[in-house]
1. Would it be correct to say that A51 is surrounded by 13 or more Cβ atoms within 10 Å (Cβ to Cβ), within 23 Å of D94 (Cα to Cα) and in contact with a helix residue (DSSP H, G or I) (Cβ under 8 Å, 6 or more places away or on another chain)?
2. Would you be able to tell me the number of residues in segment 17-28 that are open to solvent by 50 Å² or more (accessible area, probe 1.4 Å), among the aliphatic types (A, V, I, L, M) and under 17 Å from H75 (Cα atoms)?
3. In segment 68-99, what residues are surrounded by fewer than 14 Cβ atoms within 10 Å (Cβ to Cβ), closer than 21 Å to K28 by Cβ and among the hydroxyl-bearing types (S, T, Y)?
4. Going through segment 1-23 one residue at a time, which ones are part of a helix (DSSP H, G or I) and among the charged types (D, E, K, R)?
5. Which helices (runs of 4 or more DSSP H) does segment 24-121 wholly contain that include 3 or more residues that are of a type in the set (D, E)?
6. Residue pairs, Cβ under 7 Å, 6 or more apart or interchain, first in segment 50-62 and under 12 Å from S121 (Cβ atoms), second β-branched (V, I, T) and loosely packed, with under 15 Cβ neighbours inside 10 Å. List them.
7. Checking the structure you have, find out if any residue of segment 66-78 is at pLDDT 95 or above, more than 16 Å from F13 (Cα to Cα) and not polar (S, T, N, Q).
Amino acid sequence: MKKFDLEERLIEFAVRNIRIVEMMPGTKAGAHLAGQLVRSGTASALNYGEAQSGESRKDFIHKMKIALKELRETHICLKIIKRANLISNSELIDQVLAENNELISIFVISIETAQKNQENS
């Protein structure tokens, strides 16, 4: 996968999370989870951008781990939104959850590879 492809996937993932947030009710729970999702659901793209400008391999790994943390947080938030029926479009939630899982896998492998490369240099 090219760096640009992953960046585009992360941007599209962020946009889809924003769309989910826009569908959520203005209830106390809806507002709380919407705020959480807009932060964590966009943070992985932003942190990936920072990782690409890492000052060292160690810095790159650190920022990739932060992006992974945000992806995992987003995953849990989406599951709560789905189970609480806070939006009616469960198909969209399922699609975003599937993409979330794929992105988590990509980041886990990327971090492992970067750590192995760091150890070997």
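1. Values: surrounded by 13 or more Cβ atoms within 10 Å (Cβ to Cβ): yes; within 23 Å of D94 (Cα to Cα): no; in contact with a helix residue (DSSP H, G or I) (Cβ under 8 Å, 6 or more places away or on another chain): yes.
Against the criterion (surrounded by 13 or more Cβ atoms within 10 Å (Cβ to Cβ), within 23 Å of D94 (Cα to Cα) and in contact with a helix residue (DSSP H, G or I) (Cβ under 8 Å, 6 or more places away or on another chain)), A51 does not qualify.
2. First, pick out the residues of segment 17-28 that are open to solvent by 50 Å² or more (accessible area, probe 1.4 Å): 18-19, 22-23, 26-28.
Okay, now just the ones that are also among the aliphatic types (A, V, I, L, M), so 18, 23.
Retained after the next criterion (residues that are under 17 Å from H75 (Cα atoms)): 18.
Qualifying residue count, segment 17-28: 1.
3. Across segment 68-99, the qualifying residue is only S88.
4. From segment 1-23, those part of a helix (DSSP H, G or I) are 3-23; that's our starting set.
Selection gives K3, D5, E7, E8, R9, E12, R16, R19, E22.
5. On the way: elements: 28-52, 57-83, 90-120.
Per the criteria, 57-83, 90-120.
6. none
7. Quick first cut of segment 66-78, residues at pLDDT 95 or above only: 66-78.
From what's left, more than 16 Å from F13 (Cα to Cα): 66.
Adding the requirement that they be not polar (S, T, N, Q) leaves 66.
Yes, segment 66-78 contains at least one residue that is at pLDDT 95 or above, more than 16 Å from F13 (Cα to Cα) and not polar (S, T, N, Q).
The values are calculated or read from the model by the stated rules, or taken from the named source; none is laboratory data. Source: prediction; values computed, not measured. Here the Cβ is made from the backbone with ideal geometry for all residues, glycine too, and neighbour counts use every protein chain on show. Only protein heavy atoms, including side chains, enter the accessible area calculation; ligands, DNA and RNA are left aside. Shrake-Rupley method; radii C 1.70, N 1.55, O 1.52, S 1.80 Å.
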